[in-house]
Amino acid sequence: MKTLIIVTHPNIEASNWNKAWLKAVRDEGDITIHELYKEYPDENIDVPREQKLIEDHDRIIFQYPLYWYSSPPLLKKWFDKVLLYNWAYGPNATKTTGKEIGVAISTYGTTESFQPTGFNRFTLEEILRPIEALTEFISATYLPHFSLNDTSDVTNERLAQSSIDYVHYLRTVKPAQR
């Protein structure tokens, strides 16, 4: 299965976690890493190029840090520009049908904070619901997410384990049973 990882981190060089994840998957077969902020520093998205990338892959993983309970702004712009009527959705749309879409997300908050009784009052599943809805709307299949919480707690051991876990996720993730 050909996987496209769309990385949307505004400052990947300053990120311990997202940078470590990318390093861990660089040598994995059938994975393409596509960093939006590096490709489009001016945010002028090449729509035909992006659509071709989607068409050439079976699985798309959106990798980003949680920003204000959402994704970084360039990813929202990417959705608006790339997932067009009669390409991704609509009566003649077939390009995203059957694709698998997942999210790999890093958060500053603890696991406990992403509970109904925790600081954030919402689970990550609830926070990621717009991506799940988008996936359904474009006739793709939503995958369970990969997450790393409490990213302020940086240790070499946690970096290594998180990277191993991410590679394992990419190799084994399957659509959730409904």
Inset, instruction - State whether the residues of region 164-173 include one that is over 19 Å from E28 (Cα atoms) and either touching a strand residue (DSSP E or B) at 6+ places or on another chain (Cβ under 9 Å) or not in a helix (DSSP H, G or I) (or both). - result: no
Legend entry - Residue among L84, L22, L66 that alone is out of contact with any Leu (no Cβ under 9 Å at 6 or more places or on another chain) and at pLDDT below 95: L22
Legend entry - Residue check, S147 modelled with pLDDT of 85 or more, part of a strand (DSSP E or B), touching a strand residue (DSSP E or B) at 6+ places or on another chain (Cβ under 6 Å) and under 27 Å from F79 (Cβ atoms): yes
Inset, instruction - Could you tell me whether region 84-95 includes any residue that is crowded, with 16+ Cβ neighbours inside 10 Å, more than 26 Å from R121 (Cα to Cα) and touching a His at 6+ places or on another chain (Cβ under 9 Å)? - result: no
Inset, instruction - Give the number of residues within region 112-126 that are touching a residue at least 12 places away in the same chain (Cβ under 8 Å) and either surrounded by fewer than 14 Cβ atoms within 10 Å (Cβ to Cβ) or assigned to a helix (DSSP H, G or I) (or both). - result: 4
Legend entry - Any pair with Cβ under 6 angstrom, 6 or more apart, that starts in region 137-163 at a residue that is under 30 Å from Y85 (Cα atoms) and ends at one that is hydroxyl-bearing (S, T, Y) and in a loop (DSSP other than H, G, I, E, B): I138/T96; S139/T97; A140/T96
Inset, instruction - For R129, indicate whether it is more than 27 Å from E55 (Cα to Cα), surrounded by fewer than 19 Cβ atoms within 10 Å (Cβ to Cβ) and either touching a Gly at 6+ places or on another chain (Cβ under 8 Å) or not hydroxyl-bearing (S, T, Y) (or both). - result: no
Legend entry - Residue tally, condition closer than 15 Å to I54 by Cβ and surrounded by 14 or more Cβ atoms within 10 Å (Cβ to Cβ), over region 132-152: 6
Legend entry - Condition met for N11 (over 14 Å from the mean Cα position of the chain (by Cα), surrounded by 12 or more Cβ atoms within 10 Å (Cβ to Cβ) and at pLDDT below 95): no
Inset, instruction - Among the residues of region 5-59, write down those that are of a type in the set (A, V, I, L, M, F, W, C) and either more than 24 Å from K174 (Cα to Cα) or not in a helix (DSSP H, G or I) (or both). - result: I5, I6, V7, I12, A14, I31, I33, L36, I45, V47
Inset, instruction - Inspect region 90-111 for any residue being over 17 Å from the mean Cα position of the chain (by Cα) and either part of a helix (DSSP H, G or I) or aromatic (F, W, Y) (or both) and give the result as yes or no. - result: no
Inset, instruction - For region 37-48, state whether one or more residues are crowded, with 20+ Cβ neighbours inside 10 Å and either under 10 Å from I6 (Cβ atoms) or touching a helix residue (DSSP H, G or I) at 6+ places or on another chain (Cβ under 8 Å) (or both). - result: no
Inset, instruction - Evaluate region 78-96: report whether one residue or more is more than 27 Å from L159 (Cβ to Cβ), hydroxyl-bearing (S, T, Y) and in contact with a helix residue (DSSP H, G or I) (Cβ under 9 Å, 6 or more places away or on another chain). - result: yes
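The values are calculated or read from the model by the stated rules, or taken from the named source; none is laboratory data. Quick caveat: nothing in here was measured; it's all calculated off a predicted structure. Reconstructed Cβ throughout: ideal geometry from the backbone, glycine too, with neighbour counts over all protein chains shown.
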